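Read-outs: derived from the displayed coordinates by stated rules, not from any lab. As the structure is a prediction and not an experimental result, all values here were calculated from the model. Using ideal geometry, Cβ is built from the backbone for each residue, glycine included, and neighbour counts are taken over all protein chains shown.
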Amino acid sequence: MNQLKKAKMVVDKEFKIAEIDSRIYGSFIEHLGRAVYGGIYEPDHQNADEHGFRKDVIDLVKDLQVPIVRYPGGNMVSAYDWEDGVGPKEERPRRLELAWRTIEPNDVGTNEFVDWAKKVNSEVMMAINLGTRGIDAARNFIEYCNHPGGTYWSDLRKEHGYEQPHNIKTWCLGNEMDGPWQVGHKTADEYGRLAQETAKAMRLVDPSIELVACGSSNSKMPTFPQWEATTLEHTYDEVDFISLHQYFGNRDNDSENYLANGLEMDHFIKTVIATCDYIKAKKRSKKQMYLSFDEWNVWYHSNQADKQIDPWTIAPPQLEDHYNFEDALLVGSILITFLKNADRIKMACMAQLVNVIAPIMTENEGRSWKQTIYYPYMHASVFGRGVSLKPAISSPVYDTKDFTDVPYVDSAVVYNEEQEEVTIFALNRHVHESLEFSIDVRSFEGYHLDEHIVLEHDDLKAVNTVDEQVVKPHHNGNAKLDNGIIQAVLSNASWNVIRLSKR
Ligand code: AHR
């Protein structure tokens, strides 16, 4: 019989990376496809609440414990007039939505979205239009949202039925402004200057806000990372975060290579950190720039189908990726990568949340259901709160088309001191072989093993449907704790959550 490959990890509660900002488990709702209309909002649905929001979707979102949701775009925001989405619904205009070539009815806008976010216990991360608009629209918008009253825009909010200010804290200064596809695409200097002056005006209205400058649309952009350097040259003193976006796809059907993309993610993050720190050094600044990875996911299954969609309809089924099991594994690996970089990544948004490249799917007038990627996202969000610990991992490695020395085992550890809980997230990237994993947790005296949750499936291409959840976690993992050492066999291609507590 062949011996199983072995991997080892040592964890010590004193080896801290950082306190995890829970906002790394954020998500995103764009006015795109069926995310809003038919997704979170469907007034004629049998499960709709008094505001037209689907209660079945609210429940699924609440189970994910999503702390912050980015809104309203995405590409859509670069030609969006926020004024279209407030006030009496019957007076709101229908517009051509240029990013996705649909019709936007504006039945949902800022106030409705703030209401919805409260229902799912989330904050709003609001993006402003720096494509077709600029300082003036931004300063008016923040006055409308955050100023208590007694001025034109804040009183208009009150007239619209919102007596109290929304106090939206987090604002994105545009979206993917480096991308030639963006309406109002800019050079880094054009964008940097505009973002700097817009940030200044917005902070004059409300000094308590935090601001995110646009980084590159992905790590393969020809202007990356010069875009970040130039943008930060202009905005370093005005903003708190620089954004990162990245999507993956197994287009060559090379699963070993695909599952190694956590390394690409890590490289991207480290390059952005280096660029931030270079500008910090250049400016002799003491300020630390943080990272907002505010769009990430798998996105490729729907690319062909989207080409068949006719333009200028309301809420067509755009970007409806049906995720398989290997996509869930990669999502797990991405979440592990965020935890390992918890000292610099303080926000991240899975893009997106409902129907559009999403963990949650709905039928119009029908049921809602969980995609494969729902599960690792939920595990990380629910159990991954506390301090991220630095794991010392030694694992056998493999090479692929794009990567060398890819560890078969990827892992992150979260210590929740207050609850006296430890959670180990571990991925076995080996698509054929199980692996023996031993974890030294001797620094956690008096802890015992609560559970070992496993997401596994024989078929990497297995998908969930509205009728059948073929990919879902079970709680029958084999991890054992003895004398401070956990021994577990991680089955081939598996996502594992091993939980300890002192209780
Ligand atoms: O999330 C889908 C799209 O991806 C967003 O609108 C855009 O920002 C990115 O290119």
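To the nearest whole percent, what portion of all C-alpha pairs in segment 10-127 is separated by more than 26 angstrom? Present the calculation step by step, with values, prior to reporting the outcome.
On the way: 1822 of 6903 pairs.
Pairs farther apart than 26 Å: 26 percent.
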Evaluated at 37 °C with a viscosity of 0.692 mPa s, what Stokes-Einstein diffusion coefficient in µm²/s does segment 327-428 have when Rh comes from the Kirkwood expression over alpha-carbon pairs?
215 µm²/s
Can you list the HN-Hα couplings for segment 35-51, worked out from phi with the Karplus curve (6.51, -1.76, 1.60; θ = phi - 60°), rounded to whole Hz and with x for Gly and Pro?
5, 8, 7, x, x, 7, 10, 7, x, 8, 6, 5, 9, 6, 8, 5, 9
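Which value in Å is the Kirkwood Rh of segment 272-362 over different Cα pairs? Don't skip to the end; give the middle numbers.
Details: mean 1/r = 0.0637 Å⁻¹.
It is 15.7 Å.
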Per DSSP, loop GluC sites (Glu not before Pro) in segment 2-71 with at most 15 further Cβ within 10 Å:
14, 50
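Which value results when the Cα radius of gyration for segment 358-503 is divided by 2.2 N^0.38 Å?
Details: Rg = 16.6 Å, N = 146, 2.2 N^0.38 = 14.6 Å.
Output field value: 1.14.
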Taking a cut-off of 13 Å, what percent of all Cα-Cα pairs in segment 38-91 are separated by more than that?
71 percent
q = 0.14, 0.27, 0.34 Å⁻¹, segment 232-272: log10 I(q)/I(0) [Debye, one scatterer per Cα]
-0.47, -0.97, -1.13
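Where does the longest stretch of the chain lie that holds no chymotrypsin sites (Phe, Trp or Tyr not before Pro) found in a DSSP loop with 11 or fewer other Cβ atoms within 10 Å?
The answer is 313-503.
How much of the DSSP beta bridge set in the chain is antiparallel, as a percent to the nearest 5?
Numbers: 54 of 91 bridges.
Looking only at bridges with both residues in the chain, the antiparallel portion is about 60 percent.
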Obtain the nm distance between the two label points defined at residue 432 and residue 220 by a simple spin-label model: each point lies 7 Å from its Cα along the Cα-to-C-beta direction.
2.8 nm
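In percent, how large is the relative contact order of segment 21-369, given Cα pairs closer than 8 Å and 6 or more residues apart?
22 percent
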Alpha carbon centroid spacing (whole Å) that separates segment 392-417 from segment 38-107
39 Å
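For segment 64-160, which trypsin sites (Lys or Arg not before Pro) pass both filters: DSSP loop (anything but H, G, I, E, B) and at most 16 other C-beta atoms within 10 Å? Let's see the in-between values first.
On the way: sites: 70, 89, 94, 95, 101, 118, 119, 133, 139, 157, 158; in loops: 94, 101, 133.
Hits after loop and neighbour filter: 94, 101.
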Spin-label point model (7 Å from Cα, Cβ direction): what's the residue 187 to residue 18 distance in nm?
3.3 nm
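What does the charge count around residue 420 come to, taking other residues whose C-beta lies under 10 Å from its C-beta (Lys +1, Arg +1, Asp -1, Glu -1)?
On the way: positive: 502, 503; negative: 417, 418, 421.
The answer is -1.
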³J(HN,Hα) computed for each position of segment 237-247 - Karplus, 6.51 cos²θ - 1.76 cosθ + 1.60, integer Hz, glycine/proline x:
6, 9, 10, 10, 9, 10, 8, 10, 10, 7, 10
Considering all alpha-carbon pairs of segment 18-67, what whole percent are spaced by more than 18 angstrom?
40 percent
DSSP-defined antiparallel bridges as percent of all bridges, segment 254-383, nearest 5
40 percent
Segment 323-468: antiparallel DSSP beta bridges as a percent of all, rounded to 5
95 percent
Amide H neighbours of residue 48 at under 5 Å, excluding residues fewer than 5 places away on the same chain, with H built from the backbone geometry, are 55
Pop out the ³J(HN,Hα) list for segment 259-276 in order, Karplus 6.51 cos²θ - 1.76 cosθ + 1.60 with θ = phi - 60°, rounded to Hz; leave Gly and Pro as x.
6, 8, 5, x, 5, 5, 4, 5, 5, 4, 4, 5, 5, 5, 4, 4, 5, 4
Convex hull per residue volume in Å³, alpha carbons only, for segment 145-231:
115 Å³
Can you give me the three principal axis dimensions of segment 113-166 from its C-alpha atoms, in Å, biggest first?
31, 27, 14
Label point at residue 132 placed 7 Å out along Cα→Cβ; residues across segment 191-207 whose backbone nitrogen lies under 13 Å
none
For segment 332-346 and segment 138-195, distance of Cα centres in Å
29 Å
Whole-number percent relative contact order across segment 44-157, with pairs defined as alpha carbons under 8 Å at least 6 apart
27 percent
Find how much the distance from residue 270 to residue 233 grows on full extension, using 0.36 nm per residue of separation minus their present alpha carbon separation; answer in nm with one decimal.
11.5 nm
Taking 0.36 nm per intervening residue step and subtracting the Cα-Cα distance, what contour gain separates residue 402 from residue 286 on full extension?
38.1 nm
Bin all alpha-carbon pair distances of the chain at 10 Å intervals from 0 and give each bin's fraction as a whole percent.
4, 19, 29, 26, 15, 5, 1, 0
